[in-house]
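Engineer: One structure, as structure tokens, below. Some questions next.
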Amino acid sequence: MLRQSKSPLLSLPGAVPAEGPDEGVAAHYGDLFREQRALADGSGFVDLSHRGVVTVSGPERLSWLHLLITQHVTELPPGQATDALILTGNGHIEHALYLVDDGETIWAHVEPGTQEALTAYLESMKFFYRVEVADRTDEFAVVHLPAGSIAPSPEDVVVRETSYGRDLFLPRERLASFADGHGPAIGVLAHEALRVEARRPRLGLETDHRTIPHEVGLIGTAVHLHKGCYRGQETVARVQNLGKPPRRLVFLHLDGSEVRLPAHGTPVRLASDGPEGRQIGFLTTSARHHELGPIALALVKRNVPVDAPLLVGESTAASQEVVVEP
């Protein structure tokens with residue numbers, strides 16, 4: 001089956017295609033703030049069908065995956081959602097997996113475009129274990145229902161339920177019919193704005209090739225500190241004991257007078273140093289929030305004072321809130 005590059009829901013009225021890592025689904029359907037308010041109130045659904053879907057089945061799936069990821073899953077109960085990472089040998093984040101086990105198969109959704117590399121790595125680590133790894137992205141689409149939604153989940157669909165909503169692994173051929181009965185459709189810009197508000201990091205945006213879990217607040221959520229036997233564990237343990245990650249994630253309130261939001265990777269400096277000052281970090285994600293106005297996440301050096309006013313790019317003033325303690 002050929003990989004679907006665009007969601008059929010882009011044909012819905014008002015749909016504006018997303019760009020960058022979310023290309024292939026709708027950024028919004030004509031009213032960004034209305035969509036945000038609906039999502040925050042528990043209404044509608046978000047088409048995340050561009051995300052990758054990977055499954056692991058077989059009688060040894062939990063014990064085998066436990067050896068590879070940062071999360072403790074040997075006794076993961078069916079239906080209980082969890083997050084996990086795969087690290088490099090140096091402890092840098094390589095993959096982020098959002099998991100649930102249905103009693104026979106582990107289902108994971110991952111960042112768009114990362115499923116093939118993840119599947120290849122998992123296949124290389126099978127050895128003699130009785131597991132089957134599959135890239136199911138062509139067959140299944142991820143759909144998000146917000147926390148508080150009263151919409152029923154289809155009985156025959158795998159559901160991953162968390163504090164911020166339900167992720168459904170929906171057969172792709174049912175995506176259009178699902179939209180007919182679960183509206184309104186809400187674009188990924190609204191979903192991203194609420195993610196930034198909640199300070200939840202995202203692979204490839206809040207991370208780069210040298211990010212370690214401590215820098216972005218994933219210890220305890222995606223990293224279990226009382227397990228071993230995974231690649232990169234030595235770095236996790238060393239930084240946990242010394243308490244000195246080189247960078248830290250911060251939440252930013254941006255000056256609302258700017259017409260354009262600063263892009264991913266925009267340099268961050270101390271406001272006192274001005275636009276020619278030394279770069280102390282970079283912006284990771286920016287968003288327009290229906291209540292908070294322009295907001296963002298950024299990675300800055302650990303020793304940046306927590307109350308220091310910041311400058312994003314050439315002219316955008318920003319105040320910071322602590323996400324990861326220095």
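Engineer: Near LYS126, which aspartates and glutamates are there with a Cα under 18 Å away, not counting those fewer than 8 places off in the same chain?
Structural biologist: Excluding near neighbours in sequence, the set is GLU60, GLU104, GLU116, ASP135.
Engineer: Another question, then. List, in order, the whole-Hz ³J(HN,Hα) value for each residue of segment 25-30 obtained from phi through the Karplus relation with A = 6.51, B = -1.76, C = 1.60 and θ = phi - 60°; use x for Gly and Pro.
Structural biologist: Result, ordered by residue: 10, 7, 6, 7, 10, x Hz.
Engineer: What does the C-alpha gyration tensor say about the overall shape of segment 181-326? Classify as rounded when a/c is under 1.5, otherwise prolate if a/b is larger than b/c, or oblate.
Structural biologist: Judged from the Cα gyration tensor, segment 181-326 comes out oblate (a/c at least 1.5, b/c at or above a/b).
Engineer: For a distance above 25 Å, tell me the whole-number percent of Cα pairs in segment 1-149 that qualify.
Structural biologist: Result for the distance tail: 37 percent.
Engineer: Compute, for the chain, the length of the dipole vector about the Cα centre, with Cβ point charges of +1 (Lys, Arg) and -1 (Asp, Glu) only. Units Debye, rounded to 20.
Structural biologist: 820
Engineer: Quick one: what Rg and Dmax do you get for segment 246-325 from the alpha carbons, in Å?
Structural biologist: Just the Cα atoms of segment 246-325 yield Rg and Dmax of 11.3, 33 Å.
Engineer: How big is the antiparallel share of DSSP beta bridges in the chain, given as a percent to the nearest 5?
Structural biologist: On the way: 66 of 70 bridges.
Of the beta bridges lying entirely in the chain, close to 95 percent run antiparallel.
Engineer: Using +1 on the beta carbon of Lys and Arg, -1 on that of Asp and Glu, and nothing else charged, what's the dipole of segment 246-325 about the Cα centre, debye to 20? Working shown, then result.
Structural biologist: Details: 8 positive and 9 negative charges, 67 e Å.
It works out to roughly 320 debye.
Engineer: Which FRET efficiency, nearest 0.05, do LEU62 and GLU155 yield, Cβ-Cβ r, R0 35 Å?
Structural biologist: That gives a FRET efficiency of 0.90.
Engineer: How much of the accessible area of the chain, in percent, comes from carbon and sulfur atoms when a 1.4 Å probe is used?
Structural biologist: Carbon plus sulfur share of accessible area: 52 percent.
Engineer: Another one. Using a Cα-Cα cut-off of under 26 Å, which lysines could be cross-linked to LYS6, ignoring same-chain neighbours fewer than 8 residues away?
Structural biologist: none
Engineer: Further, regarding this structure: Mind listing the long-range amide H neighbours of GLU94? Cut-off is under 5 Å, sequence gap 5 or more, other chains count too, H placed in the peptide plane at 1.01 Å from N.
Structural biologist: Amide H neighbours of GLU94: ILE86, LEU87, THR88.
Engineer: If you take the square roots of the eigenvalues of the alpha-carbon gyration tensor of the chain and sort them as a ≥ b ≥ c, do you get rounded (a/c under 1.5), prolate (a/b over b/c) or oblate?
Structural biologist: Verdict is oblate for the chain.
Engineer: Then there's this: Can you compute the label reach from ARG260? Point 7 Å from Cα along the Cβ direction, backbone N cut-off under 18 Å, restricted to segment 292-318.
Structural biologist: Backbone N within reach: 294-296, 312-317.
Engineer: Further, regarding this structure: Set the Förster radius R0 to 35 Å, insert the Cβ-Cβ distance between SER272 and THR88 as r into 1/(1 + (r/R0)^6), and round the FRET efficiency to 0.05.
Structural biologist: E between SER272 and THR88, to the nearest 0.05, is 0.45.
Engineer: Between SER177, HIS214, GLY113, whose Cα lies farthest towards the positive end of the dipole of segment 110-236 when Lys and Arg beta carbons carry +1 and Asp and Glu beta carbons carry -1, centred on the Cα centre?
Structural biologist: It is HIS214, whose Cα lies furthest towards the positive end.
Engineer: What net charge is computed for the residues neighbouring SER57, neighbours being all others with C-beta under 15 Å from the C-beta of SER57, Lys and Arg scored +1, Asp and Glu -1?
Structural biologist: With Lys, Arg at +1 and Asp, Glu at -1, the neighbours total -4.
Engineer: In deg cm²/dmol, rounded to 500, what helix-only [θ] at 222 nm does the chain give when every DSSP H run of at least 4 residues adds -39500 (n - 2.57) and the total is split over its residues? Don't skip to the answer; put the middle values down first.
Structural biologist: On the way: 6 runs with 52 residues, N = 326.
My calculation for the chain gives -4500 deg cm²/dmol from helical runs alone.
Engineer: Mind putting a number on the dipole of segment 90-237 about its Cα centre? Charges go on the C-beta only, +1 for Lys and Arg and -1 for Asp and Glu, and I need it in Debye to the nearest 20.
Structural biologist: 440
Engineer: I would also like to ask the following. Between VAL322 and HIS72, what length comes free when the chain is fully extended (0.36 nm per residue of separation minus the Cα-Cα distance, one decimal in nm)?
Structural biologist: Length gained between VAL322 and HIS72: 87.2 nm.
Engineer: If the cut-off is a Cα-Cα distance under 22 Å, which lysines reach LYS244, setting aside same-chain residues fewer than 8 apart in sequence?
Structural biologist: LYS227, LYS301
Engineer: Hey, another quick one. Spelling out what I want: for every residue of segment 51-56, take phi, set θ = phi - 60°, compute 6.51 cos²θ - 1.76 cosθ + 1.60 (Karplus), and round to whole Hz; glycine and proline get x.
Structural biologist: 6, x, 10, 10, 10, 10
Engineer: Among 132-139, 196-203, how do they line up from the highest to the lowest mean number of other beta-carbon atoms within 10 Å?
Structural biologist: Ranked by mean Cβ neighbours within 10 Å, highest first: 196-203, 132-139.
Engineer: Using θ = phi - 60° and the Karplus curve 6.51 cos²θ - 1.76 cosθ + 1.60, what whole-Hz ³J(HN,Hα) does each residue of segment 7-24 get, with Gly and Pro shown as x?
Structural biologist: 6, x, 6, 5, 8, 5, x, x, 5, 10, x, 7, 10, x, x, 9, 4, x
Engineer: If you roll a 1.4 Å probe over the heavy atoms of the protein chains, what accessible area per residue do you get for segment 246-325, in Å²?
Structural biologist: Values: 3710 Å² over 80 residues.
Here the residues of segment 246-325 average 46 Å² of exposed surface.
Engineer: Using a probe radius of 1.4 Å on heavy atoms only, what accessible surface per residue do you get for segment 130-200? Whole Å² is fine.
Structural biologist: 42
The values are calculated or read from the model by the stated rules, or taken from the named source; none is laboratory data. No experiment lies behind these values; they were computed from the predicted model shown. Virtual Cβ from ideal backbone geometry, glycine too; neighbours counted across all protein chains shown. Calculation scope for accessible area: heavy atoms of the full protein, side chains included, ligands and nucleic acids excluded. Shrake-Rupley method; radii C 1.70, N 1.55, O 1.52, S 1.80 Å.
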